[in-house]
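Visitor: Before I ask anything, let me first share the structure, which is written out below as structure tokens.
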Amino acid sequence: PEGESVARVAEKIRQAETAISTLEKNLKRYPADEITERSTITDPARIVDRILFAGKFQDRCRETLDHLQRQLDWFQTWGENINLKDLKYLREKGVFIRLYLLDRSNIDTLPKDQCVVAFPEREGKVPVALFSRSASDKLHAKEAPLPSMPLAEVRSQMIRKKRQLQKVNAFYNRHKENLPVLQDYLNYLHDRLNSQKALASMGTIDGRLVYL
């Protein structure tokens with residue numbers, strides 16, 4: 001049906017515009033004067049698909065890096081020599097340690113009847129640790145969650161994700177010369193959309209197309 005054809009072409013236009021915008025933004029953010037390797041793909045529709053896939057992969061890498069950076073920040077705050085297995089062992093033995101990052105204005109309100117240790121301020125926050133024999137003891141503040149992996153694994157994964165992002169940037173650089181091709185493809189799609197809309201405004205009588 002003509003209505004479906006219009007919808008399909010409109011979706012291809014949206015995808016092409018997204019691909020062009022993604023490519024332009026990344027080339028602006030990570031400019032590369034020399035193309036070290038050229039793309040062998042010439043079909044603009046395939047180029048669009050690959051750029052859209054690369055954009056989604058890039059977003060996932062950045063999200064993962066942000067998550068890893070927060071875990072690295074945890075170790076840099078509480079100590080890079082902390083072994084997460086030791087904290088688990090202490091919990092199993094009935095020693096519970098809860099960690100917090102508090103504003104300096106909240107330090108004077110900490111309970112005096114509990115074992116609370118405040119460390120030197122770091123980046124505007126005061127690290128505070130609560131030591132207790134009871135799993136229910138907590139401070140009235142948001143607890144700093146423990147990392148999900150050891151420091152060595154955090155650093156290893158960060159290196160891997162940064163390398164993947166570098167490969168994505170190299171991919172965008174290979175397609176830099178395809179920007180005019182994509183723009184021509186987008187213009188073609190707009191012309192095709194106008195044609196489909198014109199066809200959609202026509203009806204069929206006795207097998208012949210007539211203007212309504």
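Visitor: Thr42 - would you say it is closer than 30 Å to Arg174 by Cα, surrounded by fewer than 16 Cβ atoms within 10 Å (Cβ to Cβ) and among the hydroxyl-bearing types (Ser, Thr, Tyr)?
Guide: So Thr42 passes the test.
Visitor: Separate question: Which members of the stretch 134-144 meet the condition of being surrounded by 10 or more Cβ atoms within 10 Å (Cβ to Cβ) and either among the basic types (Lys, Arg) or in contact with a strand residue (DSSP E or B) (Cβ under 6 Å, 6 or more places away or on another chain) (or both)?
Guide: Of everything in the stretch 134-144, those that are surrounded by 10 or more Cβ atoms within 10 Å (Cβ to Cβ) and either among the basic types (Lys, Arg) or in contact with a strand residue (DSSP E or B) (Cβ under 6 Å, 6 or more places away or on another chain) (or both) turn out to be Ala135, Lys138, Leu139, Ala141, Glu143, Ala144.
Visitor: Quick check: anything in the stretch 103-111 of a type in the set (Ser, Thr, Tyr), open to solvent by 70 Å² or more (accessible area, probe 1.4 Å) and farther than 30 Å from Thr22 by Cβ?
Guide: Looking for residues that are of a type in the set (Ser, Thr, Tyr), open to solvent by 70 Å² or more (accessible area, probe 1.4 Å) and farther than 30 Å from Thr22 by Cβ, one finds at least one in the stretch 103-111, hence yes.
Visitor: Between Pro150, Pro127, Pro120, which is open to solvent by 60 Å² or more (accessible area, probe 1.4 Å) and either in contact with a helix residue (DSSP H, G or I) (Cβ under 8 Å, 6 or more places away or on another chain) or aliphatic (A, V, I, L, M) (or both)?
Guide: Criteria check complete, one pass: Pro150.
Visitor: Being in contact with a Ser or Thr (Cβ under 9 Å, 6 or more places away or on another chain) and acidic (Asp, Glu) is the requirement here; does Glu143 meet it?
Guide: It is false that Glu143 is in contact with a Ser or Thr (Cβ under 9 Å, 6 or more places away or on another chain) and acidic (Asp, Glu).
Visitor: Right, Arg98: outside any loop (DSSP other than H, G, I, E, B), loosely packed, with under 13 Cβ neighbours inside 10 Å and not polar (S, T, N, Q) or not?
Guide: no
Visitor: Consider only pairs whose beta carbons are under 7 Å apart and that are at least six residues apart or on different chains; among these, list those whose first residue lies in the stretch 104-121 and is without any contact (Cβ under 8 Å) to a residue 40 or more places away in the chain and whose second residue is aromatic (Phe, Trp, Tyr) and surrounded by 12 or more Cβ atoms within 10 Å (Cβ to Cβ).
Guide: Cys115/Phe131
Visitor: With the checklist (1) among the charged types (D, E, K, R); (2) open to solvent by 80 Å² or more (accessible area, probe 1.4 Å); (3) under 30 Å from Tyr172 (Cβ atoms) in hand, flag the one item Asp73 doesn't pass.
Guide: Asp73 satisfies every listed condition except (2).
Visitor: Would you check if there is a residue in the stretch 162-178 being over 29 Å from Phe57 (Cβ atoms) and surrounded by 13 or more Cβ atoms within 10 Å (Cβ to Cβ)?
Guide: Checked the stretch 162-178: no residue is over 29 Å from Phe57 (Cβ atoms) and surrounded by 13 or more Cβ atoms within 10 Å (Cβ to Cβ).
Visitor: Only residues that are of a type in the set (S, T, N, Q) and not in a loop (DSSP other than H, G, I, E, B): list them for the stretch 44-82, please.
Guide: Gln58, Thr64, Gln69, Gln71, Gln76, Thr77
The values are calculated or read from the model by the stated rules, or taken from the named source; none is laboratory data. Every value quoted in this text rests on a predicted model; they were computed, and no experiment measured them. FYI the Cβ positions are ideal-geometry reconstructions off the backbone, even for glycines, and counts take in every protein chain you see. The protein model used for the area step is the full one, side chains on, heavy atoms only, and it has no ligands, DNA or RNA in it. Shrake-Rupley method; radii C 1.70, N 1.55, O 1.52, S 1.80 Å.
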